[in-house]
1. With θ taken as phi - 60° and the coefficients 6.51, -1.76 and 1.60, list the Karplus ³J(HN,Hα) couplings across the range 104-113 in order, rounded to whole Hz; mark glycine and proline as x.
2. Using a cut-off of under 18 Å, list every residue of the range 47-91 whose amide N is near the label point 7 Å from the Cα of D108 along the Cα-to-beta-carbon line.
3. Take the Cα radius of gyration of the chain and divide it by 2.2 N^0.38 Å, with N its residue count; two decimals is plenty.
4. For S77 and R153, calculate 0.36 nm times their separation in residues minus their Cα-Cα distance, and state this gained length in nm to one decimal.
5. For Q61, enumerate residues with amide H under 5 Å from its amide H, sequence gap 5+ or separate chain, H modeled in the peptide plane.
6. Compute the accessible area per residue over the chain, keeping the other protein chains in place, probe 1.4 Å, unit Å².
7. Non-local amide H neighbours of S117 (under 5 Å, H modeled in plane, Pro and chain starts lacking H): which ones?
8. Roughly what would the spin-label model give for A12 and H145, points 7 Å off Cα along C-beta, in nm?
Amino acid sequence: MISKTTLAQQLADAHARTRALVGDLSDEQLAVPYMDIVNPFLWEIGHGAWFLEFWVLRHLQRRPSILENADELYNSSEVAHDTRWGLELPERQGTMAYFDEVYKRVLDTLNRSQASSLSTESAYFYQLSIFHQDMHTEAFTYMRHTLGYPPPRFGEEGAHESAARQVDGDVELEGGKFWLGAKPGGGFVFDNEKWAHPVQI
């Protein structure tokens, strides 16, 4: 069992981090050229919202989609990577409105729950969606780097922390054996993290 408070904090953090990673970019910067290793920013934002809506609001709550054509736009299992640049996506304002509305409804659903903790099944789909969004904040970070955009600033404390970690050139790390993957009984894991095994580097 996981508490509603913990889930709400995780949800708020993922939402705020995504907004911080895209909020300072101009419309021109959001309109990225086609590349094999990145997605259009607006598609990536909408996809994160769609995933959260799909598993929490639609799967758990049985609600209809906020956008009629959300599946046709944002379902990454159905929408091939190279077609994402040609989709008629909502403009920046509409994309962010969808992103914020999904977050608001999920948080409201969580707060309206009578129990202080969610069932294991319900908590799984909340965390699946939240950690999926965290995964995409990593993608936003490397997308910015790939495109030559400045590092994101998460406030003065975050900016100082980021600056302290910047290194020119390559960093050499000593090789050895380490454990890759998650151990059973440690809480939520993605299916591709099962299970921990030794890797020699």
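1. Along the range 104-113, the couplings run 4, 5, 5, 4, 5, 4, 5, 5, 7, 4 Hz.
2. 49-50, 52-68
3. Cα-based Rg divided by the globular estimate yields 1.12.
4. Details: separation 76, 0.36 × 76 = 27.36 nm, distance 3.21 nm.
This chain segment gains 24.2 nm when fully extended.
5. The list, which skips near neighbours in sequence, is empty: none.
6. I get 62 Å² per residue for the chain.
7. Answer set, sorted by chain and number: K4.
8. 2.9 nm
The values are calculated or read from the model by the stated rules, or taken from the named source; none is laboratory data. Only a predicted model underlies this, so the values are computations on that prediction, with no experimental measurement involved. Heads up, the Cβs are rebuilt from the backbone with ideal geometry, glycines too, and the neighbour counts pull from every protein chain shown. The area values use the complete protein model at the heavy-atom level, side chains included, leaving out ligands, DNA and RNA. Shrake-Rupley method; radii C 1.70, N 1.55, O 1.52, S 1.80 Å.
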